[in-house]
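**Student:** Have a look at this one.
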Amino acid sequence: MSSTATPTASGGHTKTIVITALALFSMFFGAGNLIFPPMLAVQAGDNFWPAILGFLGTGALLPVLAVIAIALSGANVRDLAQRAGSVFGVVFPVLAYLSIGAFYALPRTGAVSMETAITPLFGWEGLFASGAFNVVFFGVALALAWNPTQIMETLGKFLVPALVILLIIMITVAAFQWTAAPSAPAEAYADGPFTAGLLEGYLTMDSIAALAFSIVVISTLQFKGFSEGKQTVRGTIWAGVGAGIMLGAIYLGLGTIGRVIPNPGQYDNGAALLADASNLTMGTAGQIIFALIVLLACLTTAVGLITATAEYFSSQFPGSYATWAIIFTITSALIATQGLEFVMSIAAPVIGFLYPPAIALIFVTLIEPAFAKRTRFTWAFFLPIWVAVIYSAIETFIGLGWAADALSPLITWLPLQADGLGWVVPVAVTFVIGIAIDLANPKTPMAIGTHETIDGEVVTA
């Protein structure tokens, strides 16, 4: 593979990476990212630091690792998923894109904007008001997402600076005005605060979204002149790291608000907490600032989700980018109009099903380059990922009440099951078994889009 200059060697490329990192941060940072950290701080109490570190693990670090995994493995999540077989390679990406698209994360941006920004500020509520707002909200998001090659520049140059400035104002005023008071942790954070924080970080959906957003990052960098191979891979990784650092810093700031706000026990959700924090610190101006933060956070995420899902479906199925963008936008507006509770009810089973195989996929992909000179992963992909799929299916069926009595004994004995991480040990064990098989058979055929070694250097096929 021919060598190319690194992105940091060019001022233009460095600027592009910075703008792309800002845009990627904005696509990650939606309503859930805004309201989870302060509520975690309230519930964790004196166990704030282990809890927030757990949250940062799945809410900031894991999305960065997902971006790196996609950058190393191929152009999109399907290339990565195909390593676990053709069935998984088709079904998993579709479910992932639908969960972060029209079936959950995308309509959630509109529903949350309405319920936490518009209704408290103007008093508008009801089906008609929700429908009217969502038509405008998703219409603006579609317009901004209409040209996918310019989306990173639109977000990175204009919308993100406004969002970050508003967040810094709210966090700074709260942090200097109030002082944290010791409080006992809630039950979930009393014995295992780090694990509880990890599980809370799942709810941001950013690890799955990262698998989807990476295709937008890669296509943007290449449109801006990054060559395929090392330069695009390095640019994508740096953009992911930059976005992750910003996520972590903002999460810590939002968590600080939850720690210092007076009478934190009165709140049962992060949206109400932040709305009150804005009002208590800055009055009506604070309420307006909070509404703008919610709207900008949700809008930038909606733009990223429309872009990523439309790009993927137009590349894999009949229909143009514009056609798929319109379909997903209209569908999301209709679902969002029904309200946040409706959105959550249809998405919860899919989210729970996707996370274990998604995390397994990310970590197996990241570990593979260490073995590139000795073997190619085949069974090391297939076994752990399908174990994660089977576990997720059982857990999902139990959660839905389908044959729960018969299925529960299959997983209740697993280590870490009580913490919601029962899939970790079986996946790790089968991964080790898979590596042993691959090392014993180093000429195992390689799936499309995976690593090859040429003169000792890892490249993508």
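**Student:** Please list the three semi-axes, largest first and in whole Å, of the ellipsoid equivalent to the chain, using sqrt of 5 times the eigenvalues of its alpha carbon gyration tensor.
**Tutor:** Values for the chain, descending: 35, 27, 22 Å.
**Student:** Step through the residues of the stretch 286-296 one at a time and calculate ³J(HN,Hα) from phi using the Karplus curve (6.51 cos²θ - 1.76 cosθ + 1.60, θ = phi - 60°), rounding each to whole Hz and writing x for Gly and Pro.
**Tutor:** x, 4, 5, 4, 4, 4, 5, 4, 4, 4, 5
**Student:** I've got another one for you. Excluding ligands, DNA and RNA, what is the solvent-accessible area per residue of the stretch 13-355 at a probe of 1.4 Å, expressed in Å²?
**Tutor:** 36
**Student:** Okay, moving on. Given the whole protein assembly as supplied and a 1.4 Å probe, what does the accessible area of residue 392 come to in Å², nearest 10?
**Tutor:** Surface open to solvent at residue 392 totals about 0 Å².
**Student:** Once phi is turned into θ = phi - 60°, what whole-Hz ³J(HN,Hα) does the Karplus curve with 6.51, -1.76 and 1.60 give for every residue of the stretch 216-227, x standing for Gly and Pro?
**Tutor:** Using θ = phi - 60°, the values come out as 5, 4, 4, 5, 5, 4, 5, 5, 8, x, 6, 6 Hz.
**Student:** While we're looking at this one, here's another question. Output the peptides 238-250, 289-301, 85-97 sorted from most to least packed, where packing is the average of other Cβ atoms within 10 Å over each peptide's residues.
**Tutor:** In descending order of packing, they fall as 289-301, 238-250, 85-97.
**Student:** Given a 1.4 Å probe and heavy atoms of the protein chains only, how would you sort 208, 68, 437, largest accessible area at the top?
**Tutor:** 437, 68, 208
**Student:** Set the Förster radius R0 to 60 Å, insert the Cβ-Cβ distance between residue 172 and residue 406 as r into 1/(1 + (r/R0)^6), and round the FRET efficiency to 0.05.
**Tutor:** Taking R0 as 60 Å, the efficiency between residue 172 and residue 406 is 0.65.
**Student:** Of the accessible area of the stretch 287-343, with the probe set at 1.4 angstrom, what percent is carbon plus sulfur?
**Tutor:** Taking all protein chains in place, the stretch 287-343 shows 73 percent carbon and sulfur surface.
**Student:** For residue 158 and residue 316, calculate 0.36 nm times their separation in residues minus their Cα-Cα distance, and state this gained length in nm to one decimal.
**Tutor:** 53.8 nm
**Student:** Just the accessible area for residue 125, please: 1.4 Å probe, Å², rounded to the nearest 10?
**Tutor:** 140
**Student:** When only C-alpha pairs under 8 Å and at least 6 residues apart count, what is the relative contact order of the chain, in percent?
**Tutor:** Reported relative contact order: 30 percent.
**Student:** So what does the Cα-only Debye profile of the stretch 184-233 read at q = 0.25, 0.27 Å⁻¹, as log10 I(q)/I(0), no solvent term?
**Tutor:** -0.88, -0.94
**Student:** Mind listing the phi-derived Karplus ³J(HN,Hα) values for the stretch 412-428, rounded to whole Hz, using 6.51, -1.76 and 1.60 with θ = phi - 60°, and x for any glycine or proline?
**Tutor:** 5, 7, 5, x, 6, 4, 4, 8, x, 10, x, 7, 5, 5, x, 5, 5
The values are calculated or read from the model by the stated rules, or taken from the named source; none is laboratory data. Just so you know, these numbers come straight off a predicted model, no measurement behind them. Cβ atoms come from the backbone with ideal geometry, glycine included; neighbour counts cover every protein chain shown. These accessible areas exclude ligands, DNA and RNA; they are computed on the full protein's heavy atoms, side chains included. Shrake-Rupley method; radii C 1.70, N 1.55, O 1.52, S 1.80 Å.
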